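Notes follow once the structure below has been shown.
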Amino acid sequence: MVSLIVHGGAWNIPTEMVEAHRTGVAAALREGWKLLSHGGSAVQAVEAAIRCMEDDPTFDAGRGSFVNALGEIELDASIMNGSTMRCGAVASVQNIRNPITVARAIMEKSDMVLLTGIGAVRFAKEHQLPTCKNDDLLVGRELQRWKQIQGQRKFSAKDAFRGTVPSDTVGAVAMDANGIIAAGTSTGGTPNKPPGRVGDSPLIGCGTYADSTIGGVSCSGWGEGIIAVSLAKSVIDKMEMTGADGDAAAAYGIQRLASKVDGLGGIVLLDRNGRPSVAYNTPRMARAYRTSEMKSDVIEV
Ligand code: ASP
């Protein structure tokens with residue numbers, strides 16, 4: 001059994017943007033599936049699927065990300081191997097097109113977990129990973145949004161998840177033929193965020209968690225709330241401690257986010273048998289999944 005689930009954010013995705021999200025998550029699933037179905041590892045599949053969405057300007061990750069209050073793009077990403085329990089993450093990193101690849105390199109080539117800002121860029125250069133210009137990541141849509149937001153209102157990360165403000169964080173969870181589960185998440189954060197603001201996505205146990213004996217989780221939504229309830233790990237704990245199945249654990253996670261901190265968001269997960277589950281309390285969540293027991297991909301927005 002091999003299995004892969006990807007997501008492209010949980011929010012009030014407007015009807016005219018549904019098709020781009022559908023196409024984007026479908027392409028990411030295909031990229032990851034190509035590897036998994038030919039003996040690739042769960043970590044490889046998660047990285048490939050997330051890279052695909054980082055490169056797709058539809059999503060708030062890599063190219064196409066939101067712009068911070070200074071007009072810069074600062075990215076967060078994390079990845080975890082649920083068999084070795086090794087993890088890697090970058091936060092507030094600039095000038096990197098594929099932060100998930102730097103996160104993976106930190107996981108596999110260092111004994112650290114999280115590097116921020118210029119330290120992460122320095123690590124990327126030392127490991128011959130490509131850097132880019134801010135302008136290479138910036139798209140017209142986000143420049144326009146940034147100009148409109150300037151002077152309009154004070155930044156509120158929570159409010160960003162109340163209206164139609166996009167929340168297009170991306171993530172993936174894979175199980176490979178060896179039963180190894182890996183999970184990862186990548187984001188540009190929230191629009192007009194103060195420089196240095198870090199959400200849940202690069203924090204292990206919040207936006208991302210994997211333990212091959214239990215399952216793997218990737219989250220999207222109001223980052224400050226997701227951090228407060230340690231969302232990814234609390235979903236894993238629910239499965240481990242109570243024997244809840246994936247659907248019940250995902251629903252529990254979203255209910256916990258709503259009841260404890262009045263938060264909005266979404267979760268994708270695989271249980272230890274590779275069975276996919278999804279839960280969200282936003283109007284929509286873009287996701288796609290496939291297991292070797294299924295005849296075709298499921299793509300839903
Ligand atoms: N959770 C992300 C953050 O707060 C945003 C998102 O999911 O869209 O940075």
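In the list 170, 217, 198, which residue meets the criterion of being aliphatic (A, V, I, L, M), surrounded by fewer than 24 Cβ atoms within 10 Å (Cβ to Cβ) and within 16 Å of the chain's Cα centre (by Cα)?
Details: 170 fails: surrounded by fewer than 24 Cβ atoms within 10 Å (Cβ to Cβ); 217 fails: surrounded by fewer than 24 Cβ atoms within 10 Å (Cβ to Cβ).
Within the list 170, 217, 198, the selection yields 198.
Here 179, 184 are screened, and the one residue that is outside any loop (DSSP other than H, G, I, E, B), modelled with pLDDT of 95 or more and either basic (Lys, Arg) or under 27 Å from residue 238 (Cβ atoms) (or both) is 184.
Selection over region 196-216 of residues that are within 14 Å of the ligand (Cβ to nearest atom), in contact (Cβ under 8 Å) with a residue 60 or more places away in the chain and not in a strand (DSSP E or B) gives a count of 8.
Being touching a residue at least 40 places away in the same chain (Cβ under 8 Å), closer than 19 Å to residue 140 by Cα, open to solvent by less than 20 Å² (accessible area, probe 1.4 Å) and more than 16 Å from the chain's Cα centre (by Cα), is that true of even one residue in region 89-96? No: zero hits. Among the residues of region 126-144, are any more than 10 Å from the ligand (Cβ to nearest atom), of a type in the set (S, T, N, Q), over 27 Å from residue 291 (Cβ atoms) and modelled with pLDDT of 95 or more? Yes - at least one qualifying residue is present in region 126-144. Pairs are defined by a Cβ separation below 6 Å, a sequence spacing of at least 6 or placement on different chains, a first member in region 3-23 that is in contact (Cβ under 8 Å) with a residue 24 or more places away in the chain and in a strand (DSSP E or B), and a second member that is within 13 Å of the ligand (Cβ to nearest atom) and open to solvent by 40 Å² or more (accessible area, probe 1.4 Å); the pairs so defined are 10/280.
Within region 176-192, track down each residue that is more than 9 Å from the ligand (Cβ to nearest atom) and open to solvent by less than 10 Å² (accessible area, probe 1.4 Å).
176, 181, 182, 183, 184, 186, 191
So, residue 54, is that one within 17 Å of the chain's Cα centre (by Cα) and open to solvent by less than 20 Å² (accessible area, probe 1.4 Å) or not? So residue 54 passes the test.
The values are calculated or read from the model by the stated rules, or taken from the named source; none is laboratory data. From a predicted model like this one, the values you see are computed outputs, not experimental measurements. All Cβ positions, glycine included, derive from the backbone under ideal geometry; neighbour counts span all protein chains shown. Keep in mind that these areas ignore ligands, DNA and RNA; they rest on the heavy atoms of the full protein, side chains included. Shrake-Rupley method; radii C 1.70, N 1.55, O 1.52, S 1.80 Å.
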